[in-house]
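For reference, the structure discussed in these notes is given below.
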Amino acid sequence: MANLQVTSSSSTKPLIHAQNPARFMIECKLGAKASEFGGATFVHPTTRKLSHACKSQAIQAVLASDKETHASSATNGSGLRGKLNKVVLAYSGGLDTSVIVPWLRENYGCEVVCFTADVGQGISELEGLEAKAKASGACQLVVKDLTEEFVKDYVYPCLRAGAVYERKYLLGTSMARPVIAKAMVDVAKEVGADAVRFELTFFSLNPDLQVVAPWREWDITGREDAIEYAKKHNVPVPVTKKSIYSRDRNLWHLSHEGDILEDPANEPKKDMYMMSVDPEDAPDKPEYIEIGIVSGIPVSINGKELSPASLLTELNDIGGRHGIGRIDMVENRLVGMKSRGVYETPGGTILAAACRELESLTLDREAIQFKDSMALKYAELVYAGRWFDPLRESMDAFMENITKTTTGSVMLKLYKGSVIVASRKSPYSLYREDISSFESGQIYDQADAAGFIKLYGLPMRVRAMLEKEKGNN
C-alpha cells in the first residue's frame, strides 16, 4: 500500500509537539491526574485508510507498506486474553505506549493503529514517530494538528473563567485531554471503532463505545518491568532503568515529575527546566508588553492581532526568556493521593495576569467574588476530566456572559520571573476618577458614609450589646 499524506493548507506551519498520551494510560494506574484517560481505541478491521481534512486541521496519515500490513495480518488469531479486530492507540513514542503496542497484539491478536495528537509540544517529539510505531508492531500512524483548536476552544475558556486548580496549577495537562479525546472519537467514528479508552470523555461523546484498560490487566508494575517487556519484544525505547523525569508538554505548559521531585524537600535542579531561563539569569532590563483583550479573550500583543496558537507561542518565547511562569507545587490528585510537580507556563502566566487585572476595572465587587467562587469549581471539573459535563458547560455560559464587557488592554512589566502590572484601560471601566478621588466631589459626599456605617455595623453593635449584658449578669 502506498504512503498517503494529507497536510495543512498552511505549509509554512510545522507540526508542533503533541501532548504525551502515555501519561493518560499509566497515570490512572498510579493515581495521577489523568484519571479518566488511557489511549487504546478498538476498531473494526474493515476500514483500511484514515485521512481527510477535518475542520481545516492538518491530518497526516502514514499507512503501512503492503509487506507490513500483510505481516500485521498474522495477528488475526486469538490472543492470550481474547480476540479484538483493530486497535487505535493514543501514541507518544515513549516507553509506555511503545510497550502497549506489542502487548495488545500479543493479548488480543489485533492490528494496532497509532494515533498522535499535535497540541503544540514540539517538532522534536514528532520526529521519527512513524519508525518507532512500526518498529513496535503498529501497522499505521495517524497525526492530527489540534493546536489552534486546543488554544481557542479549551485554553481560552479556562483562561476567561480564571480556572486555577489548588491556587497554582493552570491546568495544562487537563485542558489538553478533552481535545485529544474528541479527536479520538472522530477517528473512531471514521474507522468504525467499537471500543475505546479515555473513559469519562468518551462516555460523554459516544456512550456506545466499549472500554478496555490494559494496565488493569497486565503484570507490568513499573518502568523497569516495562523496559524488560520492551527488550523481550524487540521494541526500541529511549530510556534506561535509571530514574528520569516524567514530562508532559503542550503549547500551554511543560510539566516535570519524578526523580528527585518525588521528595518535596528537594529543590529542582537548574538544568531541569526547558521552557524558561532561571530568573537569576534573565535580562537585567525589564520588558513591557501590552495584551489586548476582547470579552475576556486575548486577541493581540502590542497591538498586533494573532491567532490563538500564534499568540500563545509568542508569549511563551517572551515569558520564557524572562523566567516567567515557574510553579512548584504539591497537589491533591483526584484519587486522594498527593503528588509533587513542577510546571513551566510562561505564556499562560502572562495571559492569566492580564485577564485578571482587566476584570478589576470591568467587574463590580459581587460579580468578581461570585466569578472567583465559580472558578474554583470550574477548575475542579476540568482537572477531574469532566470537560463535557453539563455543569461545566453551563458555568462556561455564565463566564462568557459575565465577561462580555471585559474588553481593553493591560500593560505588563516582565522582570526576572515576575509579572508586574504597569497599566490597564477599558472602554467599559467602572472606575471613575471623579468618584474615587480623595477630594470632595459632586457624586460622592464623604458625609454620606455616616448613616451607611451605622447600618452596616448594626449586627456587630447588637452582638457587643448582648455580650455586655451577659457580662453584667
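The values are calculated or read from the model by the stated rules, or taken from the named source; none is laboratory data. If you're wondering where the values come from, they're calculated on a predicted model, not measured in any experiment. Virtual Cβ from ideal backbone geometry, glycine too; neighbours counted across all protein chains shown. Side chains included, ligands, DNA and RNA excluded: accessible areas come from the protein's heavy atoms. Shrake-Rupley method; radii C 1.70, N 1.55, O 1.52, S 1.80 Å.
A compact table of results
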item	result
Phe398 accessible area, 1.4 Å probe, all protein chains in place, Å² to nearest 10	60 Å²
Solvent-accessible area, 1.4 Å probe, carbon plus sulfur percent, for the range 329-473	56 percent
Sequence of Ile368, Ile100, Ile244 from largest to smallest accessible area, 1.4 Å probe	Ile244, Ile368, Ile100
For the range 327-369, accessible area per residue (1.4 Å probe, heavy atoms of protein chains only), Å²	40 Å²
Where the Cα pairs of the range 233-323 fall when distances are cut into 10 Å bins, in %	12, 32, 29, 19, 7, 1
Extension gain (nm, one decimal) between Asn234 and Asp278, 0.36 nm per residue minus Cα-Cα	11.8 nm
Relative contact order, percent, the range 336-414 [alpha-carbon distance under 8 Å, six or more residues apart]	43 percent
Protection proxy ranking, peptides 258-264, 462-468, average beta carbon neighbours within 10 Å, highest first	258-264, 462-468
Label-point gap, in nm, between Asn332 and Arg167 - each point 7 angstrom along Cα→Cβ	1.3 nm
Dipole in debye (nearest 20) - the range 209-364, about Cα centre, beta carbon charges: Lys, Arg +1; Asp, Glu -1	580 debye
Size of electric dipole in the range 303-396: Cβ of Lys, Arg +1 and of Asp, Glu -1, about Cα centre, debye, nearest 20	360 debye
Selection from Ser300, Ser360, His322, by position along the positive dipole direction of the range 261-414 (Cβ)	Ser360
Of Lys285/Lys425; Lys152/Lys338; Lys270/Lys416; Lys144/Lys304; Lys371/Lys416; Lys152/Lys404, those spanning more than 20 Å from alpha-carbon to alpha-carbon	Lys285/Lys425; Lys152/Lys338; Lys144/Lys304; Lys371/Lys416
Extension gain, Ile123 back to Leu430 (0.36 nm per residue minus Cα-Cα distance, nm)	106.0 nm
Cα-Cα P(r), the range 325-467, percent of pairs per 10 Å interval	9, 22, 29, 22, 15, 2
Lys, Arg +1 and Asp, Glu -1 on Cβ, resulting dipole of the range 377-445 about Cα centre, debye, nearest 20	380 debye
With DNA, RNA and ligands ignored, accessible area of Trp215 (1.4 Å probe; Å², nearest 10)	20 Å²
Probe 1.4 Å - accessible area at His322, Å² to nearest ten	0 Å²
Accessible solvent surface per residue of the range 210-323, calculated while the other protein chains remain in place, 1.4 angstrom probe, Å²	52 Å²
